[in-house]
Amino acid sequence: MELKILLLPGDGIGVEVTREAEKVLARVASTYGHRLSVTKGLLGGIAIRETGSPFPDATRKLALQADATLMGAVGLPEFDNAPPEKRPERGLLAIRQTLQVYANLRPVRAYRALLDSSPLKNQLVEGSDLIIVRELTGGLYYGTPRGISGHGIEERAVNTMVYTRAEIERVAHVAFQLARKRKKKVTSIDKSNVLENSQLWRRVVTEIGASYPDVKLDHLLVDNCAMQLVLNPKRFDVILTENLFGDILSDEAAVLAGSIGMLPSASIGDRRPSGAWVGLYEPVHGSAPDIAGQNKANPLGAIGSVAAMLEYTFGLIDEAKSVTNAIEEVLDSGQVTADLKPVAVATTTEVGDAVCAALSRRVVPA
Ligand code: IPM
Ligand code: MG
């Protein structure tokens, strides 16, 4: 099979973690006999520096042509005070919108080898296995009107939380279909005691849920969900929520996995005529400028995103499984980065190499 990938390393540790992810991808391709063609592009702060725009036209074209895009991270402190359209994060929002990847899947698992890496008690974390389905192309991130206007005491800022029925329906279908392959439970998160937006969300999700009678649906308010995630994470299977709530809850849920560096994500839109998902794959963590360039970052979120890409966009289930198995083997071996263990740590490169080595040991070439 031909795998046409656009690689957007982005900023900070994005560069280091995608380097390891690309290595793993190349190892999978050579082992299983796939033809890999990787094109590189600019996104985020580096793109602003080189072209003036966080999402240059050239990147837009490449993203629309690729089978799948693998992204590192965006964000650099030098742009903290830049106007909104000159911020690296705008590049990320723009590519999500261009590809119309409206469902962001963020699986969170407590790996046995990492139980001690979580600040939560082992017995609480052990066995947690959930996936957050975050709506990704609507809500407060994109709603208009938006902006800051006026001066002095009259200065004001506006953002708009808007969802159409159609936007809620399509992401709800993704969550229910996913639940069917898991423990058949969807928990929808909103703030319907205060927000009309959430009232529509809850009503539409309930309606869609009626066409999945085999999936159990419950609803939680977002503040309560934030607490339940650390009180009783095992109550969750699929968490379905809107854009901003999903952003916040996924960072919180990362505590179950031991480190946010562990979390992969897959952002998917509608299926192409071939049946493949249009996909943007990215680790959940940010650009972490404080440790950038030091070969310290955890590449497993990015490598896990490669597994998600193999599964969702290319339907290569065995290949995806071999990557997730290799990740687990490396975790069991204790070769992990500093975010997971205070001592006896491995570098970003060493972890990437260890995953490649584990892959080669396991796979019997066809
Ligand atoms: C994420 C990130 C992004 C988001 C930022 C970098 C714009 O936090 O993917 O979770 O808020 O979506
Ligand atoms: Mg986030």
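The values are calculated or read from the model by the stated rules, or taken from the named source; none is laboratory data. These figures come from a predicted structure and were not determined experimentally. Every residue, glycine among them, receives a Cβ derived from its backbone with ideal geometry; neighbour counts consider all protein chains shown. These accessible areas exclude ligands, DNA and RNA; they are computed on the full protein's heavy atoms, side chains included. Shrake-Rupley method; radii C 1.70, N 1.55, O 1.52, S 1.80 Å.
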Residue within region 215-227 that is within 16 Å of ligand 1 (Cβ to nearest atom), over 14 Å from the mean Cα position of the chain (by Cα), closer than 26 Å to residue 121 by Cβ and assigned to a helix (DSSP H, G or I) present: yes
On the basis of being at pLDDT 95 or above, open to solvent by 10 Å² or more (accessible area, probe 1.4 Å), part of a helix (DSSP H, G or I) and touching a helix residue (DSSP H, G or I) at 6+ places or on another chain (Cβ under 6 Å), does residue 328 make the cut? no
Out of all the residues in region 165-193, which are farther than 21 Å from residue 138 by Cα and assigned to a strand (DSSP E or B)? 185
Return yes when residue 310 is in contact with a strand residue (DSSP E or B) (Cβ under 8 Å, 6 or more places away or on another chain) and outside any loop (DSSP other than H, G, I, E, B) and no when it is not. no
For region 251-307, which residues satisfy the criterion of being within 16 Å of ligand 2 (Cβ to nearest atom) and surrounded by fewer than 22 Cβ atoms within 10 Å (Cβ to Cβ)? 251, 252, 254, 255, 259, 260, 286, 289
Hey, which of the helices (runs of 4 or more DSSP H) in region 37-141, taking only ones fully inside, have at least 3 residues that are at pLDDT 95 or above and in the same structural domain as residue 235 (by TED's automatic domain parsing)? 122-125
Tell me yes or no: at least one residue of region 13-20 is away from ligand 2 (no atom under 16 Å from the Cβ), closer than 20 Å to residue 97 by Cα and open to solvent by less than 10 Å² (accessible area, probe 1.4 Å). no
Please determine whether any residue of region 235-249 is more than 16 Å from ligand 1 (Cβ to nearest atom), assigned to a helix (DSSP H, G or I), open to solvent by 30 Å² or more (accessible area, probe 1.4 Å) and not β-branched (Val, Ile, Thr). yes
Has region 205-214 got any residue that is within 14 Å of residue 246 (Cβ to Cβ) and open to solvent by less than 80 Å² (accessible area, probe 1.4 Å)? yes
Mind checking whether some residue in region 223-232 is buried (at least 21 other Cβ atoms within 10 Å of the Cβ), in the same structural domain as residue 186 (by TED's automatic domain parsing) and more than 14 Å from ligand 2 (Cβ to nearest atom)? yes
State whether the residues of region 278-295 include one that is assigned to a helix (DSSP H, G or I), in contact (Cβ under 8 Å) with a residue 24 or more places away in the chain and more than 16 Å from ligand 1 (Cβ to nearest atom). yes
In region 7-55, anything more than 19 Å from the chain's Cα centre (by Cα) and more than 20 Å from residue 67 (Cβ to Cβ) is listed as 45, 46, 47, 48, 49, 50, 51, 52, 53, 54
Checking residue 26 against (1) within 19 Å of residue 348 (Cβ to Cβ); (2) in a loop (DSSP other than H, G, I, E, B): exactly one of these is not met. Which one? (2)
Quick check, is residue 187 of a type in the set (Ser, Thr, Tyr) and without any contact (Cβ under 8 Å) to a residue 24 or more places away in the chain? no
